[in-house]
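Read through the structure below, which is laid out as structure tokens, and then see the notes.
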Amino acid sequence: MTPEKKVAALLDDYGRGGKTKLAKFLDVPPVYITRWVGEQYVDYSIPKEYIANIEKFFNKPPGFLLSSEHMSEVSLIPVVGTADCGGGDVNHLQDRSRVCYYNGEYYSDKLYCVIASGDSMSTFIDNGDEVICDPTVVPESGDIVHYRIGNESAIKVFVFDQEANMVQFVPINSSDTFKTKTIRLDTEGDIFDELFMAKVVAVNKLCFSNRSAILKMIGR
């Protein structure tokens, strides 16, 4: 797919006013956009100096427009903060403009990413991994979730025990260092009402920059 056809498809998805907003973002007359994407203007192509800003406008990764067609599903997901995985540091993220890549089948514009802090979910999730979450999915017992209660932000396995009338958030790592959080619905219903949960749908393993994960992989 050519860059021009990709931009045409992105504008179709964008909806009304897309051409005008893109033209304003690029500081060009709207007729330029029409010539780039219109099928009748086969002699016009997008100048290279506009490629990067067009990708930025549509929130696509660098190289998206010039890549082969199989890259068309890659999207940028905002990183909103960190989540405790036994590290105890849930607010260390400084770069609020950080994003991560996602090309899975569960994409929606509601997806967000948190950075794992700690190893309570190892080896599924290691310290420093990018954890992509979907708040629109209702988690089922056994799902890995990112949850928030007040100032607590963590990633664990969600377990619902109907007989005991309670929910638990359980770490995968069985070390005594990492604790299970239990909420009893009959006595702590108010806390449960404040609970936010999002199902984890993908994990970007950052092993190349993750020293603890690398040492664990070689048994050190």
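Here are some notes:
- Estimated FRET transfer efficiency when R0 is 41 angstrom, pair Glu49-Ser174 (beta carbons, to 0.05): 0.15
- For segment 139-148, putting each phi into the Karplus relation 6.51 cos²θ - 1.76 cosθ + 1.60 with θ = phi - 60° gives couplings of x, 10, 4, x, 6, 7, 9, 9, 10, 9 Hz, in residue order, rounded to whole numbers and with x for Gly and Pro.
- Only Cα pairs under 8 Å and 6+ residues apart enter the sum, and on that basis the relative contact order of segment 93-186 stands at 19 percent.
- Leu185 sits with roughly 40 Å² accessible to a 1.4 Å probe, with DNA, RNA and ligands left out of the calculation.
- Net length gained if the chain between Asp190 and Thr34 were fully extended (0.36 nm per residue, minus Cα distance): 50.7 nm
- Sequence of Phe160, Phe178 when ordered by accessible area, the most exposed leading, probe 1.4 angstrom: Phe160, Phe178
- The 1.4 Å probe gives accessible areas that order Arg98, Arg16, Arg184, largest first, as Arg16, Arg184, Arg98.
- Annotation: Ile191 carries an accessible surface of approximately 60 Å², with a 1.4 Å probe and no ligand, DNA or RNA atoms counted.
- Partner aspartates and glutamates for Lys56 [C-alpha distance under 18 Å; skip if fewer than 8 residues away on the same chain]: Glu4, Asp12, Asp13, Asp27, Glu73, Asp95, Asp109
- Accessible surface of Ser97 - all protein chains present, 1.4 Å probe, nearest 10 Å²: 90
The values are calculated or read from the model by the stated rules, or taken from the named source; none is laboratory data. Here the structure is a predicted model, which is why all the values come from computation and not from measurement. Neighbour counts are summed over all protein chains in view; Cβ atoms, including those assigned to glycine, are modelled from backbone coordinates with ideal geometry. Note: accessible area is taken over every heavy atom of the protein model, side chains too, but ligands, DNA and RNA are not part of it. Shrake-Rupley method; radii C 1.70, N 1.55, O 1.52, S 1.80 Å.
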